[in-house]
Each structure stands twice: as structure tokens, then as C-alpha cells.
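Right, one structure below, let's go through it.
Each value in this text was obtained by applying a stated rule to the coordinates, not by laboratory testing. The structure presented is a predicted model; accordingly, all values stated were derived computationally and were not measured. Here the Cβ positions follow ideal geometry from the backbone for every residue, glycine too, while neighbour counts run over all protein chains shown.
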Amino acid sequence: MEISKSKVLFEEAGKYIPGGVNSPVRAFKSVGGTPLFIEKGEGSKLFDVDGNEYIDYIGSWGPHLFGHNPEFIKNAILQSLENGTSFGAPTELEIKMAEIITGLVPSVEMVRMVNSGTEATMSAIRTARGFTGKNKFIKFEGCYHGHADYFLIKAGSGALTLGVPTSPGVTKGNAADTLIAQYNKIESVENLIAKYKGEIAAIIIEPVAGNMGVIKAGDQFLQRLRKLCTDENIVLIFDEVMSGFRVAAGGAQEIFNINPDLTTFGKIIGGGLPVGAFGGKREIMESVAPVGPVYQAGTLSGNPLAMAAGYAALSYIKENPDIYDELEEKSKYLEAGFKHNLEKIGKSFAFNRVGSMMAMFFTEEPVTDFNSAMKSDTQIYAKYFHKMLDSGIYIAPAQFEAMFVSTAHSTVELDKTIEAHYNALINIL
Ligand SMILES: *Cc1c(COP(=O)(O)O)cnc(C)c1O
């Protein structure tokens with residue numbers, strides 16, 4: 001595969017942009033090699049600057065439920081563009097956007113639009129703190145909630161010690177109010193609640209974790225979490241930036257039939273433009289400015305182009321609820337193909353899938369939390385990644401990311417992917 005133009009551009013980019021990229025995972029650091037510079041995306045395909053073509057399973061890390069550049073989203077953006085790009089004043093489309101979100105996700109009674117998933121989670125935590133008057137919150141090891149300081153924290157040594165920053169620039173003060181629990185282990189939450197009684201404002205969780213590979217939370221685990229939050233006056237936040245409108249029209253909360261108090265969105269909600277949102281119970285959301293005292297704002301929030309793209313995406317979902325059956329069918333087909341390949345070569349690698357989100361781990365033990373995910377052999381993953389790429393299959397350049405199927409993927413492409421998967425595995429194992 002010829003990628004000389006990408007190589008030149010990557011070198012050039014490194015002169016002006018840290019690491020040559022505007023978000024670290026794009027740099028291929030954990031798999032090695034040169035990131036591809038993309039010229040265009042169309043349906044399930046990506047085309048790089050050297051003229052290579054790939055079947056894409058990254059989908060811009062989640063937003064592209066319908067593949068790249070679908071006509072109906074493109075047209076919505078173009079139409080909106082005719083009227084201008086930003087007004088910094090309310091528009092009718094923002095009401096329609098809020099209406100469609102609250103309609104599809106019943107636990108969300110009011111919603112505020114922001115510009116990224118990071119802004120959504122950050123604002124949700126502030127709102128929970130403002131609403132409860134408490135400071136601490138619990139997050140789960142391996143869950144990602146964007147890059148706000150107090151999320152970049154991992155567990156310290158010993159079960160009940162305070163968290164420690166995972167990045168320079170995050171202060172101990174930032175870490176002090178972040179408590180770390182273990183995914184799918186309710187005792188770890190109970191212990192923290194007992195130890196910090198009356199101090200915990202919120203628990204935030206990815207109900208389907210998509211940032212340590214893909215891991216589904218247990219039903220019982222989430223039910224217990226819901227009850228603990230209700231009993232202890234803790235705001236339960238589902239971070240559905242990835243799972244929202246991905247695993248079901250109503251997000252993971254629809255699958256689990258659990259109502260969180262607040263929910264955060266991003267990715268699909270922007271139809272490919274930079275958007276996030278947080279929302280939930282009216283009582284809590286009414287503590288947000290200007291109706292309440294919790295400050296939250298944004299120059300470009302509710303941007304008309306982004307609202308047009310997002311509204312087009314959500315309208316399509318609302319009018320075509322059967323796309324989730326289609327996504328399930330395609331994803332199941334891919335899973336069956338991969339599992340058949342594994343059988344043929346005598347391996348039983350962990351494979352987790354929820355709807356059109358999936359991940360294969362290079363470990364034969366079940367993956368249910370951060371520690372079990374970490375057993376995956378990332379060096380083998382790197383080899384696997386490059387073999388897939390050489391066969392024209394674009395998957396995440398890092399083990400602990402999800403693989404996404406879109407409605408644009410055809411059976412022919414899925415078959416090609418299954419064949420590439422088999423060839424990659426026999427080659428590297
Ligand atoms: C992607 C993601 C975020 C961060 O969203 P950005 O738009 O990248 O800031 C937060 N939470 C989850 C679950 C995500 O997958």
C-alpha cells in the first residue's frame with residue numbers, strides 16, 4: 001500500500017501541531033506507523049490522500065451512524081448555510097432539537113446544547129454539584145468522560161484511597177473530589193458511599209462502556225446503582241455520548257429500562273458536526289443558568305449548522321426506527337463471521353458487542369471491567385490492526401476503542417471484512 005503523501009503530510013503537520021494531530025489517538029502511537037490523511041468519506045468508505053480506499057469501522061469515533069456524508073444530512077447543512085453560520089441568539093431549530101431529544105429519551109425532560117462531549121459531561125457534573133450542594137463524585141475505572149481535569153484521574157493504590165491524576169497539569173486538588181470505583185462491581189460503589197456519606201453529588205457511568213473496548217454493564221449492577229443514588233440523594237448521570245442513539249433510539253437507558261437523573265450526549269447527536277448536550281430531570285435542569293444559579297454558557301452553543309445536521313440525524317432515527325434492527329442484523333453477521341474465524345483457528349478471544357458497537361480483545365478471559373480489558377495483548381492488536389489496514393479495513397488504531405457498524409455497510413463489505421479478519425489472524429498468531 002502506497003502512503004507516501006500521508007507520510008509527507010504527517011511530517012509537515014508535526015512541525016506546527018503537537019504530534020501532527022488534533023486528538024492524540026489519531027497519531028497511531030499505540031500501533032505504530034503513519035496515520036492516513038483523509039481526503040473524503042462516502043458511505044462506509046474512506047479515501048486517503050494517496051488514493052487508497054478503506055471500509056471504515058471508526059466512523060469518526062462514533063458519529064456516523066449512517067456512514068459518511070449521507071445526502072439528507074448534507075442537504076440539511078447546505079440549506080441552513082444559506083441563512084448564515086451563527087447568530088448568538090435563539091433559533092426555532094433549537095426548540096425542535098430539544099423536542100426531538102426529549103421525545104426520544106423520556107428521562108430527559110429538559111436539555112442544554114453544548115459543543116462537545118467533554119463540555120456535556122463537565123456541565124453535568126457542575127449541575128449535579130450545584131443541585132445537591134455536594135462536591136465529590138464517583139467515576140468508574142476505564143470509563144472515559146472527556147478531558148476535563150477532574151475526569152483524568154485513576155484509582156490510587158488501595159481500594160479506598162483517593163484518586164491520582166493521569167496527566168500532568170491536573171492538580172491533586174482536582175483529584176481530591178473524584179472517587180474511583182470498579183465497573184460492574186457494586187461493592188466498590190457501596191464502600192465509597194459508606195466512607196464518604198453525604199458528600200457524593202453524582203455517579204457518572206457509561207452504561208455501555210466504549211472506551212475500554214466495549215463492555216456492557218450488568219443489569220443488576222445498574223439497578224443497584226439506580227437504587228443507591230435514589231436512597232443517598234446522589235445524581236445518577238449516564239454518559240451516553242457514545243451509546244446515545246447508537247445502541248437504540250433511546251440510548252442504553254432504553255435497553256436497560258433505567259432512568260438516570262441526567263444524561264450526556266455527543267457524537268451522533270451532531271450528525272458529524274461538533275455538538276454535545278446534557279439534560280435530564282426538569283427539577284435538576286432548572287438549576288442551570290439563567291433560570292437557576294449554576295453557570296453554563298457557550299458562544300457557539302446551539303449553532304444553526306450543527307443543529308441542522310443533528311436534527312436531520314435524529315429525525316431520520318425517529319422516522320425510521322427499524323434502522324436499529326438493520327444495524328443489529330449487520331453487526332450480528334459480522335460477529336458471527338469473526339467468531340467462526342476464531343473457531344477455525346482454535347482461539348476463543350473475548351468478543352463483546354452491544355448493537356453496532358463491538359470489540360475483540362486478545363485475551364481468552366471474559367472482559368467485564370478495566371482490569372480484565374487490560375489483559376488484552378496490545379502488541380498483537382497492533383499487528384492485527386496493520387494487517388487489517390493492508391487489506392483495506394480501517395479499524396481503530398488502539399485496542400481499547402470500539403468498532404462501529406453503520407447502516408451504509410453492505411453485506412459484500414462485511415464479507416470482505418470477515419475474510420480480512422481471518423487472514424490477519426492466521427498471519428499474526
Ligand atoms: C467521546 C466521548 C466523550 C468525549 O466527547 P468529546 O466530544 O470527544 O469531547 C465523553 N464520553 C464518552 C462516553 C465518549 O465516548
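Of all the Cα-Cα pairs you can form in the stretch 71-319, what percent are over 33 Å apart?
Pairs farther apart than 33 Å: 17 percent.
Let me check I've understood the local charge: for N174, count other residues with C-beta under 15 angstrom from its C-beta, Lys and Arg +1, Asp and Glu -1. What total comes out?
Summing Lys/Arg as +1 and Asp/Glu as -1 gives +4.
For the chain, set up a Gaussian network in which alpha carbons nearer than 10 Å are linked by springs, and say which option among K154, K195, K185 fluctuates the most.
Greatest mean-square fluctuation among the candidates belongs to K195.
Assign unit charges at the C-beta atoms only (+1 for Lys and Arg, -1 for Asp and Glu), then state the dipole size of the stretch 280-332 relative to its Cα centre in Debye, rounded to the nearest 20.
Roughly 280 debye for the stretch 280-332.
Net charge around M97, counting only other residues with Cβ within less than 13 Å of its Cβ (Lys, Arg = +1; Asp, Glu = -1)?
0
What is the Rg over Rh value, at two decimals, for the stretch 1-43, using alpha-carbon atoms and the Kirkwood definition of Rh?
On the Cα set of the stretch 1-43, Rg over Rh gives 0.97.
Using a Förster radius of 22 Å, what is the FRET efficiency between K375 and E187 based on their Cβ-Cβ separation? Nearest 0.05, please.
E(calc), rounded to 0.05, equals 0.55.
As a footprinting exposure proxy, order Y295, Y333 by other Cβ within 10 Å, with the fewest listed first.
Y295, Y333
Of F385, F221, F151, which has the largest mean-square fluctuation in a 10 Å C-alpha GNM of the chain?
It is F221.
Using unit Cβ charges (K, R positive; D, E negative) and no other charged atoms, how large, in debye to the nearest 20, is the dipole of the chain about its Cα centre?
The calculated dipole for the chain is roughly 1100 debye.
Could you give the length gained by full extension between E2 and E419, i.e. 0.36 nm per residue of separation minus their alpha carbon distance, to one decimal place?
147.9 nm
Give the share of C-alpha pairs in each 10 angstrom bin for the stretch 83-200, from 0 to the last occupied bin, in whole percents, shortest bins first.
Answer for the stretch 83-200: a P(r) of 12, 34, 30, 17, 7, 1 percent.
In nm, what is the difference between 0.36 nm times the number of residues separating H340 and E232 and their Cα-Cα distance?
34.2 nm
Please compute the modelled spin-label separation between E286 and S167, points set 7 Å along Cα→Cβ, answer in nm with one decimal.
It works out to 3.6 nm between the two label points.
Would you list the P(r) distribution for the stretch 149-252, with all Cα-Cα distances sorted into 5 Å bins from 0 and each bin expressed as a whole %?
Over the stretch 149-252, the share of Cα pairs per 5 Å bin runs 2, 12, 20, 23, 22, 14, 6, 1 percent.
Calculate the spin-label point distance for N83 paired with I428, positioning each point 7 Å from the Cα along the beta-carbon direction, and give it in nanometres.
Those two pseudo-labels are separated by 4.8 nm.
In Å³ and rounded to a whole number, note down the convex hull volume per residue for the Cα atoms of the chain.
About 143 Å³ per residue, rounded to a whole number.
Under a straight-distance cross-link criterion of Cα-Cα below 23 Å, which lysines are reachable from K96, leaving out those fewer than 8 residues away in the same chain?
K74, K267, K281, K318
Across the stretch 163-178, in residue order, what do the Karplus-derived ³J(HN,Hα) couplings come to in whole Hz, using 6.51 cos²θ - 1.76 cosθ + 1.60 with θ = phi - 60° and x for Gly and Pro?
x, 10, x, 9, 9, x, x, 9, 7, 4, x, 5, 6, 4, 9, 9
Can you tell me how much longer the chain between E199 and K154 gets when fully stretched, taken as 0.36 nm per residue apart minus their C-alpha distance, in nm with one decimal?
Full-extension gain reported as 14.3 nm.
Please list the three semi-axes, largest first and in whole Å, of the ellipsoid equivalent to the stretch 330-429, using sqrt of 5 times the eigenvalues of its alpha carbon gyration tensor.
Working from the Cα gyration tensor, I get semi-axes of 19, 16, 13 Å.
In Å, what is the Rg of the alpha-carbon atoms in the stretch 257-372, and how long is Dmax?
Final numbers for Rg and Dmax: 19.9, 61 Å.
If we count every other residue with Cβ under 12 angstrom of V275's Cβ, Lys/Arg +1 and Asp/Glu -1, where does the sum land?
After counting each charged neighbour, the total is 0.
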